[in-house]
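To start, the structure itself, in structure tokens.
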Amino acid sequence: MIKGPFRAVVGFLSQPHVRAGLALGTAAAIESNQPSLIPRPRTDQALVVAGSFASGYVAGSVVGRVVDVVPISAPRPTAFLPGRTSRIAAGAVVASALSAGAVSYLQSRLDRYDSDGKIPPDGTDVAWTLAAGTAIATGVGTAILAKRKASWAAASGLSRSIGGPPAVWLPLTSGALVGAAFIAGRTAKDRVFAKIAASNRKTEVRYAELPTLPTVSGSSESAVRFEDLGLQGRRFVSEASTAEQINEVLDESGAINAVRVYVGVESAGTVEDRVALAVEELRRTGAFDRSLLIIGSPAGTGYFNYIPVEAAEYLSRGDVASVAVQYGSLPSMLSMPKARLAVRQHAALLEAVANELEDRDPAQRPRIVLYGESLGAQTSQGAFTGRGTEILNELGIDRALWVGTPHASEWRREIFSDGSHVDSTQFGRFSTIADYEALTDDERRRMRYFFLDHHEDPVTLFNHEIAFRKPRWLGAPETRPPNVSRTQRWVPGVTFWQTAIDTKNAATVIPGEFKAFGHDYRADLAEFVRAAYSLDGVTAEQMTRIEERLRTSEIERAARIADG
């Protein structure tokens with residue numbers, strides 16, 4: 001006699017839409033093992049498998065219900081076996097056939113690695129990720145089924161105690177369970193976010209003392225309290241290059257201490273007050289008297305990449321000021337809800353600086369340049385959305401360098417999709433410094449605004465449309481950009497999960513080991529700072545020494561952070 005749980009499983013699997021969902025989900029899970037933009041560890045591949053399986057199952061189930069693609073009236077050998085046993089035997093045969101087909105299909109997909117010159121994952125890795133991914137997807141599915149059963153049980157209870165058919169009460173009980181789950185999830189999320197944000201207030205041992213340079217925020221002469229700068233701000237101002245360091249690296253004399261201005265999200269309560277505080281600091285430190293002023297839009301945590309700032313400090317021999325105003329304390333992927341606030345704050349800072357310099361003799365003004373990386377690039381560009389490119393001249397922005405701009409940047413799409421209002425000779429999109437060096441001398445002289453985006457950087461490519469629309473970068477293999485897999489093919493749902501996980505892994509870096517791959521742009525940053533900001537006054541030997549110092553600085557900084 002067939003036991004209850006086993007009977008329930010057989011009954012579940014006997015439904016046409018379930019079989020269709022399992023078939024498409026299994027194919028999607030197998031397909032997810034193909035290479036994509038960034039290599040993935042096994043645990044992340046398990047998540048891709050789970051997402052792909054779930055997407056495939058939902059799609060197949062919907063098709064199975066609507067189109068009835070799986071026959072439900074096939075003849076059964078009832079003359080030889082009981083109906084239920086017949087279904088079990090038929091299920092076993094179908095499962096065996098599917099397994100054999102899956103193995104063959106998987107092998108054919110993994111063989112495609114060869115033309116990319118990549119080593120395919122071994123059988124153990126594939127088996128582990130398929131098992132783990134299926135377990136995750138099954139767990140989620142079980143939770144959904146449990147919720148349905150609990151909703152029906154509660155509806156039945158209300159029917160017995162109050163009256164009316166259970167179907168009348170089902171929307172109420174189902175909504176109550178969903179609401180309770182939402183409140184519990186929201187509470188858990190808020191607690192996690194609060195804990196992450198609280199780390200912004202943490203004081204590290206190696207960054208606990210006030211900076212000694214008067215030319216940085218948080219010093220004893222500053223109007224900005226050091227403790228209010230936050231974790232990222234305290235690190236940033238404490239790392240400002242001194243005249244002594246610059247002279248040592250360049251093997252010369254005459255450098256001055258660099259200016260670094262930073263205002264933390266806790267330094268003032270409103271956008272207007274934070275911007276006003278930043279301008280006050282720029283005045284106090286003499287930033288407006290420097291030859292170059294870098295206005296940066298930080299990442300979600302308040303992080304402002306040290307490398308381009310430090311490179312500019314060496315290239316200008318300290319005759320530079322940099323400023324950033326924090327808007328949040330969460331990682332960039334969790335800070336998207338604050339993107340509008342960040343854009344408004346950055347726009348306010350640009351306008352405040354322009355107003356401050358308006359009455360100055362043009363010959364006495366610093367050159368204003370912009371820097372933004374990742375979400376910082378998007379929020380920096382967001383200040384110009386819908387305002388074309390003339391706004392750059394109106395704000396007195398001489399040059400800009402935007403690195404790893406997310407696909408969501410509307411302004412970048414505006415200027416590159418409609419060139420009618422853009423002087424295209426002033427804008428350049430590059431993947432490596434070699435792309436810039438390939439331009440003619442005249443083209444390089446005219447270039448003012450630089451976009452540095454790697455072809456394989458998922459941050460610049462990921463968007464929700466990948467789930468249902470083939471992206472350009474996965475066109476015909478011979479037309480794909482360098483470093484994009486020639487064997488990867490777009491699969492609805494699957495490519496979305498692959499690229500989403502690739503985005504998470506895009507910036508996995510090792511201190512001091514500069515690379516130009518994915519969302520890691522460190523290998524080319526110094527050269528692009530030199531080109532984008534027109535800082536050409538160093539020799540080739542000095543440039544080599546600067547890049548060596550940048551690597552050393554990163555290693556030393558990582559050690560200080562670890563000590564803290």
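The values are calculated or read from the model by the stated rules, or taken from the named source; none is laboratory data. All values reported here derive from a predicted model rather than from experimental measurement. Neighbour counts are summed over all protein chains in view; Cβ atoms, including those assigned to glycine, are modelled from backbone coordinates with ideal geometry. Just the protein is used for accessible areas: all its heavy atoms, side chains included, with ligands, DNA and RNA removed. Shrake-Rupley method; radii C 1.70, N 1.55, O 1.52, S 1.80 Å.
Some notes on this structure:
- All positions within segment 260-303 that are within 14 Å of Leu213 (Cβ to Cβ) and open to solvent by 60 Å² or more (accessible area, probe 1.4 Å): Arg284
- If the condition is being open to solvent by less than 50 Å² (accessible area, probe 1.4 Å), assigned to a helix (DSSP H, G or I) and over 27 Å from Pro406 (Cα atoms), then segment 510-556 contributes Gln542, Met543, Ile546, Ser553.
- Some residue of segment 404-411 being touching a residue at least 24 places away in the same chain (Cβ under 8 Å), open to solvent by 70 Å² or more (accessible area, probe 1.4 Å) and closer than 25 Å to Pro337 by Cβ: yes
- In segment 199-230, of all residues being closer than 20 Å to Asp273 by Cα and among the hydrophobic types (A, V, I, L, M, F, W, C), the one that is most open to solvent (accessible area, probe 1.4 Å) corresponds to Ala223.
- Boolean, Asp398 is free of Cβ contacts under 8 Å to residues at least 12 places away in the same chain, over 16 Å from the mean Cα position of the chain (by Cα) and open to solvent by 10 Å² or more (accessible area, probe 1.4 Å): no
- Hits in segment 215-249 - residues which are under 25 Å from Leu550 (Cβ atoms) and in a loop (DSSP other than H, G, I, E, B): Thr215, Ser217, Gly218, Ser219, Leu229, Glu239, Ala240, Ser241, Thr242
- Among residues of segment 25-60 being of a type in the set (Ser, Thr, Tyr) and closer than 20 Å to Arg486 by Cβ, the one that is surrounded by the fewest Cβ atoms within 10 Å (Cβ to Cβ) is Ser36.
- Against the conditions (1) outside any helix (DSSP H, G or I); (2) of a type in the set (Gly, Ala, Ser); (3) at pLDDT 90 or above, Gly386 satisfies every one except (3).
- Filter result for Gly269 (modelled with pLDDT of 95 or more and either within 13 Å of Gln326 (Cα to Cα) or not hydroxyl-bearing (Ser, Thr, Tyr) (or both)): no
Listed here are the residues, each with its yes/no results for (1) at pLDDT 95 or above; (2) among the hydroxyl-bearing types (Ser, Thr, Tyr); (3) surrounded by 15 or more Cβ atoms within 10 Å (Cβ to Cβ); (4) not in a loop (DSSP other than H, G, I, E, B).
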residue	(1), (2), (3), (4)
Arg413	no, no, no, yes
Phe416	no, no, no, yes
Arg445	no, no, no, yes
Gln488	no, no, yes, no
Val491	no, no, yes, no
Ile501	no, no, yes, yes
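- Meets criteria (part of a loop (DSSP other than H, G, I, E, B) and open to solvent by 20 Å² or more (accessible area, probe 1.4 Å)) for Asn257: yes
- Qualifying residue in segment 477-484 (condition: open to solvent by 20 Å² or more (accessible area, probe 1.4 Å), part of a loop (DSSP other than H, G, I, E, B) and on the phi > 0 side of the Ramachandran plot): yes
- Of everything in segment 375-393 that is small (Gly, Ala, Ser) and farther than 12 Å from Ala342 by Cβ, the residue that is surrounded by the fewest Cβ atoms within 10 Å (Cβ to Cβ) is Gly386.
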